[in-house]
Amino acid sequence: MRGFVNKHSQVDSVYEQLRAEILDGSLQQGFDLNERAVASLVGTSRTPVREAVARLVKDGLAERRNRRTQVTVWDDERVGQLYEMRTMLETKACSLAAMRRSENAIMRIRGAAAQQRDVPEATPLLRRDLNYQFHEEIWNACGNPFLLEANQKYGVQSMCIAPTTLRSDARWHVSLEEHEEIVRAIETNDAHAAAESMRKHLESALREREGRGC
């Protein structure tokens, strides 16, 4: 049993390290996740690397191409498809959050929005992380664990598309205003307005990304 636990703790450790380095851009799109090279990089054997990389593929953070595994490459078509999926999932989550609103959920969503405003000098990566936390509070508030899990998966995929659009001060301030509109709709139990506000928010984020050619 101890060997089983140690093996899985090793896999978890390698997975978390690789995931973090993909999300912070240390491992860039297209980086070759060759088992031998990655094992040397993280200081472990190839077996936990193999299992960790398989988890990254399942998460959509890595992909298999031409008999090799690499960090996922996000071209324009793939980015558009991701935002299309996020729009379907997040508008539904937003609608349900408004319909099922609770004082605790509103407090947590409001808190996440306030936290964004309280760090005016935040780095692009911190802005990205705070943005994810805001969205995740809405997903939690929808009351559907399957919808929560799906949103988390595709939300994390969006985080690894570098560079983040939130590095722009103008986009950051627009995003905060859009978040406020979403919160107001949820607070007033307006499911339709909540869903439409989220749709507009994601569409403007995609336009920003397309406009910057990244």
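Quick rundown of the values:
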{"item": "Residue satisfying condition, being in the same structural domain as Ala37 (by TED's automatic domain parsing), among the acidic types (Asp, Glu) and touching a helix residue (DSSP H, G or I) at 6+ places or on another chain (Cβ under 8 Å), within set Glu136, Glu63, Glu90, Glu181", "result": "Glu63"}
{"item": "Enumeration of residues in the range 38-60 that are small (Gly, Ala, Ser), in contact with a helix residue (DSSP H, G or I) (Cβ under 8 Å, 6 or more places away or on another chain) and either farther than 20 Å from Tyr154 by Cα or free of Cβ contacts under 8 Å to residues at least 60 places away in the same chain (or both)", "result": "Ala39, Ser45, Ala52"}
{"item": "Matching entry among Arg184, Arg209, Arg167, Arg199 (being within 26 Å of Lys58 (Cα to Cα) and among the charged types (D, E, K, R))", "result": "Arg209"}
{"item": "Residue list for the range 184-201, filter: without any contact (Cβ under 8 Å) to a residue 24 or more places away in the chain and within 28 Å of Leu23 (Cα to Cα)", "result": "Lys200"}
{"item": "Criterion (out of contact with any Lys or Arg (no Cβ under 7 Å at 6 or more places or on another chain), modelled with pLDDT under 90 and assigned to a helix (DSSP H, G or I)) met by exactly one of Arg209, Arg184", "result": "Arg209"}
{"item": "Any helices (runs of 4 or more DSSP H) falling wholly within the range 55-174 and containing at least 2 residues that are among the hydroxyl-bearing types (Ser, Thr, Tyr) and closer than 23 Å to His192 by Cβ", "result": "76-99"}
{"item": "Any pair with Cβ under 6 angstrom, 6 or more apart, that starts in the range 159-183 at a residue that is at positive phi and ends at one that is among the acidic types (Asp, Glu)", "result": "none"}
{"item": "Count of residues meeting criterion [among the acidic types (Asp, Glu), over 27 Å from Asp169 (Cα atoms) and surrounded by 16 or more Cβ atoms within 10 Å (Cβ to Cβ)] in the range 103-151", "result": "0"}
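The values are calculated or read from the model by the stated rules, or taken from the named source; none is laboratory data. Source: prediction; values computed, not measured. Cβ coordinates were reconstructed from backbone atoms using ideal geometry, including for glycine residues, and neighbour counts include every protein chain displayed.
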